[in-house]
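Undergrad: Before I ask anything, let me first share the structure, which is written out below as structure tokens.
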Protein chains: 2
Amino acid sequence: MSVGCKMFGFVINRKCSATGARLGVLSTPHGVFETPMFMPVGTQATVKTLIPEELYEIGTGIILANSYHLYLRPGTEIIHMAGGLHRFMNYRRGILTDSGGYQVFSLAPLRRITDDGVYFNSHIDGSRHFLNPEKVISIQEDLGADIIMCFDECSPYPCKYEEAREAVSRTTKWAERCLQAHRREDQALFGIVQGNVYEDLRIESAASLVSLGFDGYAIGGLSVGEPKEDMYRIIEVMNTVLPEDKPRYLMGVGAPEDLVEGVKRGVDMFDCVLPTRLARHGTAYTSRGKLVIRNAEYRDDFRPLDEECGCYVCHNYTRAYLRHLFKAEEILALRLLTYHNIYFLIKLMENIRSAIQEDRLLVFCERFLTRYSEPSGN
Amino acid sequence: MSVGCKMFGFVINRKCSATGARLGVLSTPHGVFETPMFMPVGTQATVKTLIPEELYEIGTGIILANSYHLYLRPGTEIIHMAGGLHRFMNYRRGILTDSGGYQVFSLAPLRRITDDGVYFNSHIDGSRHFLNPEKVISIQEDLGADIIMCFDECSPYPCKYEEAREAVSRTTKWAERCLQAHRREDQALFGIVQGNVYEDLRIESAASLVSLGFDGYAIGGLSVGEPKEDMYRIIEVMNTVLPEDKPRYLMGVGAPEDLVEGVKRGVDMFDCVLPTRLARHGTAYTSRGKLVIRNAEYRDDFRPLDEECGCYVCHNYTRAYLRHLFKAEEILALRLLTYHNIYFLIKLMENIRSAIQEDRLLVFCERFLTRYSEPSGN
């Protein structure tokens with residue numbers, strides 16, 4: 001039974017005087033990282049299009065990989081034989097693996113949930129599989145990430161109260177089994193709070209997990225279609241019930257405005273596929289909002305994507321060139337936009353940390369959001 | 001009228017005592033490069049998936065871009081406005097632009113050839129275009145490569161003698177017009193020898209071009225489907241008729257065995273899409289022949305692609321990981337295989353140059369080819 005990861009630590013160095021924001025340091029076997037942080041997603045053991053050296057150059061600390069995907073392909077045993085996920089994908093800094101709960105409920109067809117676990121078909125080849133808390137912990141121990149997650153049931157939006165309550169109840173029981181099953185002392189185990197948009201369920205879920213005792217707490221089941229006000233409201237409630245001295249991780253959230261709002265409500269960690277996915281669709285973040293590179297207006301625009309950005313892409317390439325690459329369906333377009341978008345979010349978190357450090361977070365957030373939402377700023 | 005490029009030079013420092021191989025140095029406004037050399041292809045102003053810094057790291061000198069493609073997309077004027085191709089694509093070393101002759105004859109539908117030039121439809125949007133020698137030189141002057149090529153008519157294989165003769169005749173007349181039209185003194189202009197597999201036509205074509213006087217001579221219209229023996233035979237003939245003191249460029253040839261055979265027959269420069277195209281199809285060059293990464297045998301093969309290779313990919317990734325990326329349709333697979341394949345050819349040329357320098361080329365070639373053609377060496 002897990003008694004808390006000895007090689008894992010979290011210290012809060014400063015709190016914002018005006019909001020719930022916290023400035024912290026997260027210690028893992030693969031490095032020490034400042035919070036609040038954004039974790040790029042490397043679903044299939046690669047942050048799409050990039051190499052680890054580029055992620056280091058950007059300033060990435062922890063990345064996220066998906067147990068569900070890696071279990072199905074290439075298979076957990078391959079990664080275990082390779083010496084774990086860090087060695088397999090050549091990433092030397094921190095890795096967090098998602099438990100697969102969210103994927104099983106969002107991707108896999110023909111699933112059947114029992115109190116023991118979930119039967120489902122692979123979305124790749126239709127093969128039949130079964131996952132339960134013990135299996136999910138075993139998979140994550142084989143993968144060997146620094147931070148691993150409990151197997152949870154993520155309810156959809158919208159969702160009736162009764163269903164959401166059942167999902168919370170199951171998530172709590174599964175969390176206890178995950179805690180019991182977890183053996184590796186070099187991995188931190190996080191519990192995942194569920195409860196949909198219902199405050200009392202969220203509070204109940206958090207209280208149960210806290211009484212079990214985890215290395216950190218994730219807020220799951222948000223950013224699944226609910227209005228932003230509901231998301232912000234639930235995060236605010238979490239800020240009042242989660243223990244202050246443990247890291248808080250808002251799962252699957254990563255739009256720039258949500259990072260800002262999450263930090264103000266006490267969130268320390270974020271992950272999201274948005275920066276990589278938007279890049280593949282030709283959209284870049286800029287300090288003046290999103291820029292759709294295929295637009296004809298950029299045909300002879302020889303400015304960088306974002307004139308205020310210091311990244312490799314903005315130093316070396318113009319909008320006209322990137323538009324050309326995108327129109328010509330060149331892979332380099334996706335690679336350069338991905339690099340820029342991840343840089344944008346990592347740099348945003350750096351700026352947020354500086355603002356907390358200097359106790360000027362509200363001013364920073366207001367200025368950032370005003371400029372980011374300016375219409376046609378590009 | 002061009003009087004030979006003043007900023008361009010070619011010096012032969014050593015000749016092989018047993019073959020036609022030459023060790024030379026090519027000077028351009030964007031650097032000095034050793035020959036024999038392999039030039040990776042960046043058709044649409046990008047060597048697919050890679051950034052210039054990676055090409056420098058690999059040791060690439062000159063790359064090739066295609067006037068035909070860039071004229072159609074993004075359009076010559078955009079690249080001219082950007083300050084030329086070097087600045088547009090952020091490549092600081094040498095660039096050679098192909099004239100578009102080959103592309104017009106291989107890609108464009110509904111083409112109509114006259115003595116003045118070629119009418120054709122864009123393979124992208126069907127729009128109607130006309131290219132002639134003057135236009136092609138003007139396009140290449142706007143693009144601003146270090147080495148530009150004459151507009152030529154590339155006959156197909158197989159091709160009747162009469163047709164091949166007509167193509168030679170037209171290519172010669174067009175070469176003279178290109179020479180007349182060329183103004184920029186910082187660009188070298190190469191003539192292109194045609195003549196299909198007919199030795200007398202090849203000799204006639206070469207003699208005509210040589211009497212006009214170019215900065216270098218390309219051997220065009222090979223590797224278009226003819227037997228390898230025909231290709232080698234024609235290159236051998238060229239070795240006897242082209243001037244010794246000018247660089248010789250074998251267009252579109254780049255299989256490892258052909259690089260070796262070409263160098264032995266006096267070729268100084270090569271280009272080919274093979275290393276990048278093979279990479280995108282999941283095939284890697286290795287010192288023991290080609291390796292098809294999707295094959296099931298690599299599922300748990302934790303060796304590098306090529307145990308003798310010193311490239312970034314072979315230092316950091318296993319066959320098992322690369323196979324996983326390829327099977328999972330991750331772009332990083334294409335990027336890493338492209339990097340490795342280009343490295344393999346650039347390194348092969350480095351080794352060839354060392355072998356010429358130390359007058360042991362035949363021994364090197366025999367050893368290389370023996371090991372490269374070993375069945376199932378991987």
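Undergrad: Tell me which residues, restricted to region B:101-124, are exposed (fewer than 14 other Cβ atoms within 10 Å of the Cβ), touching a residue at least 40 places away in the same chain (Cβ under 8 Å) and farther than 16 Å from B:Ala167 by Cβ.
TA: Result: B:Ile124, single match.
For every residue, the table says whether it meets (1) part of a helix (DSSP H, G or I); (2) outside the structural domain of B:Val260 (by the TED database); (3) β-branched (Val, Ile, Thr); (4) over 30 Å from A:Phe88 (Cα atoms).
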residue: B:Leu322; (1), (2), (3), (4): yes, yes, no, no
residue: B:Glu329; (1), (2), (3), (4): no, yes, no, no
residue: B:Leu348; (1), (2), (3), (4): yes, yes, no, no
residue: B:Ile352; (1), (2), (3), (4): yes, yes, yes, yes
residue: B:Ile356; (1), (2), (3), (4): yes, yes, yes, yes
residue: B:Asp359; (1), (2), (3), (4): no, yes, no, yes
residue: B:Phe364; (1), (2), (3), (4): yes, yes, no, yes
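Undergrad: Among the residues of region B:69-80, are any in a loop (DSSP other than H, G, I, E, B) and assigned by the TED database to the domain that holds B:Arg177?
TA: Among the residues of region B:69-80, not one is in a loop (DSSP other than H, G, I, E, B) and assigned by the TED database to the domain that holds B:Arg177, which makes the answer no.
Undergrad: Name every residue in region B:243-271 that is closer than 18 Å to B:Val193 by Cα and open to solvent by 10 Å² or more (accessible area, probe 1.4 Å), in order of residue number.
TA: Scanning region B:243-271 gives B:Pro243, B:Glu244, B:Asp245, B:Lys246, B:Met251, B:Gly252, B:Arg265, B:Asp271.
Undergrad: Is it the case that B:Glu308 is more than 8 Å from chain A (Cβ to nearest Cβ), under 30 Å from B:Lys15 (Cα atoms), open to solvent by 30 Å² or more (accessible area, probe 1.4 Å) and in contact (Cβ under 8 Å) with a residue 60 or more places away in the chain?
TA: no
Undergrad: Could you count how many residues in region B:311-349 are within 9 Å of chain A (Cβ to nearest Cβ) and among the aromatic types (Phe, Trp, Tyr)?
TA: 3
Undergrad: Hey, another quick one. Whether any residue in region B:337-353 is basic (Lys, Arg), over 28 Å from A:Thr338 (Cβ atoms) and free of Cβ contacts under 8 Å to residues at least 24 places away in the same chain is what I want to check.
TA: no
Undergrad: Can you say whether B:Thr318 is of a type in the set (S, T, N, Q) and closer than 18 Å to A:Ile51 by Cβ, as far as the supplied structure shows? Let's see the steps before the verdict.
TA: Details: of a type in the set (S, T, N, Q): yes; closer than 18 Å to A:Ile51 by Cβ: yes.
Criteria met by B:Thr318.
Undergrad: Only one of (1) modelled with pLDDT under 95; (2) closer than 15 Å to A:Ala21 by Cα fails for A:Val237. Which number is that?
TA: (1)
Undergrad: Any idea which of (1) within 14 Å of another protein chain (Cβ to nearest Cβ); (2) of a type in the set (Lys, Arg); (3) surrounded by 20 or more Cβ atoms within 10 Å (Cβ to Cβ) is the one B:Arg22 doesn't satisfy?
TA: Just one mismatch for B:Arg22, condition (1).
Undergrad: Would you point out the residue of region B:176-199, among those that are under 26 Å from B:Tyr157 (Cα atoms), outside any strand (DSSP E or B) and of a type outside the set (Phe, Trp, Tyr), that is most open to solvent (accessible area, probe 1.4 Å)?
TA: We begin by selecting, within region B:176-199, every residue under 26 Å from B:Tyr157 (Cα atoms); these are B:176, B:178, B:190-199.
From the residues that got through so far, the ones that are outside any strand (DSSP E or B) too are B:176, B:178, B:194-199.
Next cut, of a type outside the set (Phe, Trp, Tyr) only: B:176, B:178, B:194-197, B:199.
Details: B:Glu176: 93, B:Cys178: 0, B:Gln194: 2, B:Gly195: 1, B:Asn196: 5, B:Val197: 24, B:Glu199: 71 Å².
Among those residues, the one meeting the criterion is B:Glu176.
Undergrad: A further question on this structure: Please state which one of B:Ala328, B:Ala284, B:Ala296 is surrounded by fewer than 21 Cβ atoms within 10 Å (Cβ to Cβ), under 21 Å from A:Arg87 (Cβ atoms) and at pLDDT 95 or above.
TA: Exactly one of B:Ala328, B:Ala284, B:Ala296 is surrounded by fewer than 21 Cβ atoms within 10 Å (Cβ to Cβ), under 21 Å from A:Arg87 (Cβ atoms) and at pLDDT 95 or above, namely B:Ala328.
Undergrad: Where in region A:208-304 are the strands (runs of 3 or more DSSP E), entirely inside, with at least 3 residues that are touching a helix residue (DSSP H, G or I) at 6+ places or on another chain (Cβ under 9 Å) and not assigned by the TED database to the domain that holds A:Val197?
TA: By residue number, A:283-286, A:289-292.
Undergrad: Further question on the same structure: Could you check how many residues of region B:38-63 are open to solvent by 10 Å² or more (accessible area, probe 1.4 Å), touching a residue at least 60 places away in the same chain (Cβ under 8 Å) and assigned to a helix (DSSP H, G or I)?
TA: Adding up the residues that qualify gives 2.
Undergrad: OK, next. Can you confirm whether B:His80 is within 14 Å of another protein chain (Cβ to nearest Cβ), closer than 21 Å to A:Ile331 by Cα and either free of Cβ contacts under 8 Å to residues at least 60 places away in the same chain or open to solvent by 10 Å² or more (accessible area, probe 1.4 Å) (or both)? If you could, list the steps in order and put the result at the bottom.
TA: On the way: within 14 Å of another protein chain (Cβ to nearest Cβ): yes; closer than 21 Å to A:Ile331 by Cα: no; either free of Cβ contacts under 8 Å to residues at least 60 places away in the same chain or open to solvent by 10 Å² or more (accessible area, probe 1.4 Å) (or both): yes.
Here the answer is no, as B:His80 does not meet what is asked.
Undergrad: Criterion first (in a strand (DSSP E or B) and either at negative phi or in the same structural domain as B:Phe151 (by the TED database) (or both)) does B:Phe130 satisfy it?
TA: Answer is yes for this residue.
The values are calculated or read from the model by the stated rules, or taken from the named source; none is laboratory data. Model, not experiment: these values are computed from the prediction. FYI the Cβ positions are ideal-geometry reconstructions off the backbone, even for glycines, and counts take in every protein chain you see. These area figures cover heavy atoms from the full protein model, side chains too; ligands, DNA and RNA do not enter into them. Shrake-Rupley method; radii C 1.70, N 1.55, O 1.52, S 1.80 Å.
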